[in-house]
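*Asks:* Have a look at this one before I ask anything.
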Amino acid sequence: MSVFLITGGAAGIGAGIAARLVQDGATVIIADKEPAVCAGARSVICDVTDEDEVQSLIDGIAGAEGRLDGIVCNAGFMIRKPVETLSLGEWSSVLATNLTSTFLLVKAGASMLRASHGSVVTIASTRAHMSEPDTESYAASKGGLLALTHALAVSLGPDIRVNCISPGWIDTQHYRIRPEDHAQHPAGRVGRVEDVASLTAYLLGPDSGFITGAEFILDGGMTRKMIYAE
């Protein structure tokens, strides 16, 4: 049975990925600052920006599950603030969670992933390619995550595959979606958590064995759409 670790899995996209992997029969460990409630998954409280806590998390998996087949690096958050008022501490906290945590997780988990010929999936964002105002720290962290993905793929291959999913607008049930929000997408709708979970499951599995260092933009076509002011 495959063993997968998902960070930031207590809610949103991470929770959806965890549920899908459990449904597929995998053993799932969810690491989050908040307790995760997902039937069939093991929840671990962990600050993934802390190297000691990450090492303890990986050691715990080695002891309890005895193997690790994949890591989904999903933990992340945004601070939306004008750059003139964004503090260095706020900038650093976003980069630590969204970017540095992936480095810490892969560093700590590499030996088990090598043993299983495992896979890493990073969850970046279309904001690695395009931005709204006042999102500098988030955009920088996601752009860095995209670059880190292909660097890791080259360094760790062929034993470990590393790929990136860059979601666009995904409905995580935290806000109301209007008809016009769906209509603006070439695909005809806003994305669903299940869309990300399905692609993640594929990239973790054996059918994607020839894919590494790749980015999958999952945005309903929005980054390919030319938009002009009327």
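*Asks:* Out of the residues in segment 109-140 meeting the condition of being touching a Ser or Thr at 6+ places or on another chain (Cβ under 9 Å) and among the aliphatic types (A, V, I, L, M), tell me which one is surrounded by the fewest Cβ atoms within 10 Å (Cβ to Cβ).
*Replies:* Applying the filter and picking the extreme gives 130.
*Asks:* Looking at segment 79-97, which of its residues are of a type outside the set (A, V, I, L, M, F, W, C) and more than 9 Å from residue 49 (Cα to Cα)?
*Replies:* The answer is 80, 81, 82, 84, 85, 87, 89, 90, 92.
*Asks:* Is it fair to say residue 122 is in a helix (DSSP H, G or I) and under 25 Å from residue 27 (Cα atoms)?
*Replies:* Criteria not met by residue 122.
*Asks:* Say we look at segment 171-196 and pick out the residues that are among the hydrophobic types (A, V, I, L, M, F, W, C) and touching a residue at least 60 places away in the same chain (Cβ under 8 Å); which of these is nearest to residue 219 (Cα to Cα)?
*Replies:* 196
*Asks:* Could you check how many residues of segment 184-215 are part of a helix (DSSP H, G or I) and over 26 Å from residue 174 (Cβ atoms)?
*Replies:* The number of residues fulfilling the criteria is 3.
*Asks:* Restricted to segment 167-183, and to residues that are acidic (Asp, Glu) and either part of a helix (DSSP H, G or I) or in contact with a Ser or Thr (Cβ under 9 Å, 6 or more places away or on another chain) (or both), which residue is farthest from residue 74 (Cα to Cα)?
*Replies:* 180
*Asks:* So which of 162, 154 is among the aliphatic types (A, V, I, L, M), crowded, with 20+ Cβ neighbours inside 10 Å and either at pLDDT 95 or above or assigned to a helix (DSSP H, G or I) (or both)?
*Replies:* Details: 154 fails: crowded, with 20+ Cβ neighbours inside 10 Å.
Step by step, each of 162, 154 is checked, and only 162 is among the aliphatic types (A, V, I, L, M), crowded, with 20+ Cβ neighbours inside 10 Å and either at pLDDT 95 or above or assigned to a helix (DSSP H, G or I) (or both).
*Asks:* I need every pair where a residue in segment 209-225 that is at negative phi has its Cβ under 7 Å from the Cβ of a residue that is modelled with pLDDT of 95 or more and of a type in the set (Lys, Arg), sequence separation at least 6 or different chains.
*Replies:* Within 7 Å, the pairs are 211/161; 212/161.
*Asks:* Next question. Looking at (1) in contact with a strand residue (DSSP E or B) (Cβ under 9 Å, 6 or more places away or on another chain); (2) outside any helix (DSSP H, G or I), can you tell me which one residue 106 breaks?
*Replies:* So residue 106 meets the others, but not (2).
*Asks:* Still on this structure: If I filter segment 166-213 down to residues being of a type in the set (D, E, K, R) and surrounded by 12 or more Cβ atoms within 10 Å (Cβ to Cβ), which single residue comes out as farthest from the chain's Cα centre (by Cα)?
*Replies:* Looking at residues that are of a type in the set (D, E, K, R) and surrounded by 12 or more Cβ atoms within 10 Å (Cβ to Cβ), I get 181.
The values are calculated or read from the model by the stated rules, or taken from the named source; none is laboratory data. Everything numeric here is computed off the predicted structure, so don't read it as measured data. Every residue, glycine as well, gets a Cβ built from its backbone with ideal geometry; the counts of neighbours run over all protein chains shown.
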